[in-house]
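Below is one structure; the comments refer to it alone.
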Amino acid sequence: MRVSNTAIGLFLILFAAVVLWHVQSFPSLDNGYPGPALFPSVLAVLFIFCGIGLVIQGFRQREKLLKFDTGTLTLSGLLNMLFVLGTIVCYIFLAETIGFLIFSFAVLLILMKWLKVKTISSIVMSTGVTLIIYLLFAKVLLVPLPWGLWGW
Amino acid sequence: MENILTAAALIFQPYVLMIIAISALYGLFVGAIPGLTATMATALLVPVTFFMDPVPALAAIVTMEAMAIFAGDIPGALVRIPGTPSSAAYVDESYALTQKGQAGFVLGVDVTVAAIGGLIGAIILILLAPMLAEVAMQFTSFEYFWLACIGLSCSVLVTKGSLLKGLISLLIGLAMTQVGVDITLGYPRFTFGVTEFLNGFTFIPAMIGMFGVSEVMRNVSSEDCAYDVTGVQTRKMFSGIFKTLKRYKLNIARSGLIGTFVGILPGAGADIGAWIAYAVSKKFSKEPGKYGTGHIEGIVDAGTANNAALGGAWVPALVFGIPGDSITAIVIGVLFMKGLRPGPMIFQQTPEILYAVYVTFILANLILIPFGVMAIKAGSQMLRVPRNMLMPAILMFCMVGSFAINNTVFDVGVMLVCGIMAYFMEANDIPVAPAILGIVLGRLLEDSFMVCMIKSDWDLTVFFQRPVSAVLGVITVILWSGPFIAVFRKWRRDVKDADAENKTCRPNIDDVT
């Protein structure tokens, strides 16, 4: 998914401006020398230079300001990607409630079915991967997984 | 010598050997699947190694990377798709030979030169690192500041494509290190009241996001194509190998050196090493016309260089704490998290870690041949594993790995954001490698600068007062001015061309008037 150089450049400039405005609130050192604000400010200024560079490049190449080129990305590809991102969001909000074993099996199964893997392969893979991760982290490395309300 | 024996004793234990064997298989598998890179393999391995002792953890990573970089050649030869970017330089050449029915021979040469290249890199690492460490013992924050500058500048200068985008990537990485408590006053910057941000971005989830999640996104967004795989005749794989090795022994030595030294350059790793070795090979070859039509010489060169680069990358990583490639960048970040600061001090304080890396490098490259042959035999089967089945599994591993480090879903959020960011960066030709170096070196850069400034009461000239520091400073300035000089020269040439054009045009104008 490509956006125009001009748009990226403008975004960087905007971002840097917000940073520059925000660091005004940082305290300075006792003798008045810059302290915590110094590096963020330097980076912000460099971001602005780069942003200007990209905007100039964009104008030279006569790009449309809001080029939104999906390239080879198809609609189903985009949906797959959103599905993957959705899975991560689900993990953030649900894994600690549902517990790892159920969550992992269910999510893997749904995701594989969505990606058109055969049902039997999906069930075998989901079970296998869930068990391997469980054994590796919980039993071998002794790292806690999200256990959920029922303790698994 | 005593240290080497101690390290060998640490490595040759059933537990560590088992870990080495498992990581070898893991590396071969990941390397052989197109779309899964060695850097991604490292990012996924890190949550597991994080909970191990340093010696087996480093052994696992070293073995895995050696195997993965070789295994990238397998799909290159079989289906003309590089398994990792490091094999991209010579896929066409390998595939052309496969079409002549020589797949077994190509892969046999690949695995042999990979092992030799890996050993050359390892030997240079073993010889060079202690010598450089002697020098590095004298370094203070002034020198470390310049070293960080040189490392970061190199990572931008070696990027393929636009320098401007390389610089933007670096700035993104540096900006990420600004989150958290600052060194001078302990002031919480850009935390917006979130306690988890006080220590900055959690490194491992960020890496898993940038290399794991973004890769999964890219893979599921394109159609899963079935590869048309031809089988490999492995029986006579090694016949004629010795003749080839003997014929190109100088090429192997040259590319081993090129690979290692490219590896040493911060930010440039195995992939750039292979491209350069291939180009050099073609330039100095007696038969440059045969390149691209299935000529083994270029494969010998590039195949040696990419594995040699791995050892090279560990030189600056171990001696200065400046990563030589993305893999060592991740390793350094993890060592930092474990309280081990790479640098000359580990040569004195924990030499066993160092020697363990040396011993593993040698061991990994020796077992590369039997393991590699196994992988070549299984090559066509590995390529038949559907990607759509692998991606959900990798995604689950990413999430669990990010969660495991601190046991908080906040880190999974960090992973998500970094994954989306890396995906957009790559989709818009902004390379990711400089950002990783920025994340790893950002704090070192700022902290050493601030410490120096406060020590010297804000006198900038102190950076040039010590002789070593002055030399490093001058190198940095030269590196920085390079692109500007190039732009200036191009501008002058353009002006001259324009002048010349004007002059040729003028008589015509005169004629008209």
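Remark on B:ARG189: its backbone amide H falls under 5 Å from those of B:GLY180, B:VAL181, B:ASP182, a criterion applied only to residues 5 or more positions apart or on other chains, H modelled at 1.01 Å from N. Scalar couplings 3J(HN,Hα) for region B:126-131, obtained by applying the Karplus form with A = 6.51, B = -1.76, C = 1.60 to θ = phi - 60°, are 5, 7, 7, 4, x, 5 Hz; x denotes Gly and Pro.
Projecting the Cα atoms of B:GLY118, B:ALA88, B:VAL62 onto the charge dipole of region B:56-146, computed from C-beta unit charges around the Cα centre, puts B:ALA88 farthest toward the positive end. Out of every Cα-Cα pair in region B:80-187, what percent are more than 24 Å apart? Here the tail beyond 24 Å accounts for 58 percent of pairs. When the C-alpha to C-alpha distance is required to be over 29 Å, the pairs from B:LYS100/B:LYS377; B:LYS165/B:LYS290; B:LYS246/B:LYS377; A:LYS139/B:LYS377 that qualify are B:LYS165/B:LYS290; A:LYS139/B:LYS377. Comparing mean-square fluctuations of A:GLY51, A:GLY77, A:GLY35 from a GNM of chain A with C-alpha springs under 10 Å, the top value falls on A:GLY35.
On full extension, the segment bounded by B:PHE488 and B:LEU163 gains 115.5 nm, given 0.36 nm per residue less the C-alpha separation. Indicate the gyration tensor shape class of the protein assembly as shown (rounded, prolate or oblate), computed on the Cα atoms with a ≥ b ≥ c the square roots of the eigenvalues: a/c under 1.5 is rounded; otherwise a/b larger than b/c is prolate and the rest oblate. Rounded. Once the convex hull of all Cα atoms in chain B is built, its volume per residue stands at 202 Å³.
Our note on the geometry: Cα centres of region B:373-440 and region B:264-331, 24 Å apart.
Could you let me know the centre-to-centre spacing of region A:11-35 and region B:4-60, using Cα atoms, in angstrom? Each part reduced to its Cα centre gives a spacing of 43 Å. The 3J(HN,Hα) values that the Karplus relation (6.51, -1.76, 1.60; θ = phi - 60°) gives for region B:171-188 are, in residue order, 5, 4, x, 4, 4, 5, 6, 6, 6, x, 6, 8, 7, 6, 10, x, 7, x Hz. Gly and Pro appear as x. Per-residue Cβ neighbour counts within 10 Å put B:CYS154, A:CYS90 in the sequence A:CYS90, B:CYS154, beginning with the fewest.
Among B:MET421, A:MET112, B:MET131, the ranking by other beta carbons within 10 Å of each residue's beta carbon, starting with the fewest, stands as B:MET131, B:MET421, A:MET112.
Tally Lys/Arg at +1 and Asp/Glu at -1 over every other residue whose Cβ is under 12 Å from the Cβ of B:LEU36; what's the total? Within the 12 Å Cβ shell, the charges total +1.
Counting Cβ atoms of other protein chains within 10 Å of each Cβ in A:18-31 and taking the mean gives 2. Along the axis of the charge dipole computed for region B:188-317 (Cβ charges of +1 for Lys and Arg, -1 for Asp and Glu, origin at the Cα centre), the listed residues B:MET217, B:GLY267, B:ALA305 are led at the positive end by B:ALA305.
Here the Karplus curve 6.51 cos²θ - 1.76 cosθ + 1.60, taken at θ = phi - 60°, turns the phi angles of region B:270-287 into couplings of 4, 5, 5, x, 5, 4, 5, 4, 5, 5, 4, 4, 5, 5, 9, 6, 7, 10 Hz, with x standing for Gly and Pro. Around the amide H of A:ARG2, modelled in the peptide plane, lie the amide H atoms of A:ASP69, A:THR70, A:GLY71, all under 5 Å away and 5 or more residues distant in sequence or on another chain. For B:TRP458 and B:THR6, the FRET efficiency from 1/(1 + (r/R0)^6), where r spans their Cβ atoms and R0 equals 41 Å, is about 0.30.
An oblate overall shape is assigned to region B:369-513, the ratio a/c of its alpha-carbon gyration tensor axes (a ≥ b ≥ c) being 1.5 or greater and a/b not exceeding b/c.
Among B:THR195, B:THR328, the order by Cβ neighbours within 10 angstrom, fewest to most, reads B:THR195, B:THR328.
Normalised by residue count, region B:272-335 yields a Cα convex hull volume of 79 Å³ per residue.
In this Cβ point-charge picture (+1 for Lys and Arg, -1 for Asp and Glu), the protein assembly as shown has a dipole of about 1640 debye about its Cα centre.
Throughout, read-outs are computed from the coordinates displayed, never taken from laboratory work. From a predicted model like this one, the values you see are computed outputs, not experimental measurements. Methodologically, a virtual Cβ is constructed for each residue, glycine included, from the backbone with ideal geometry; neighbour enumeration extends over all protein chains shown.
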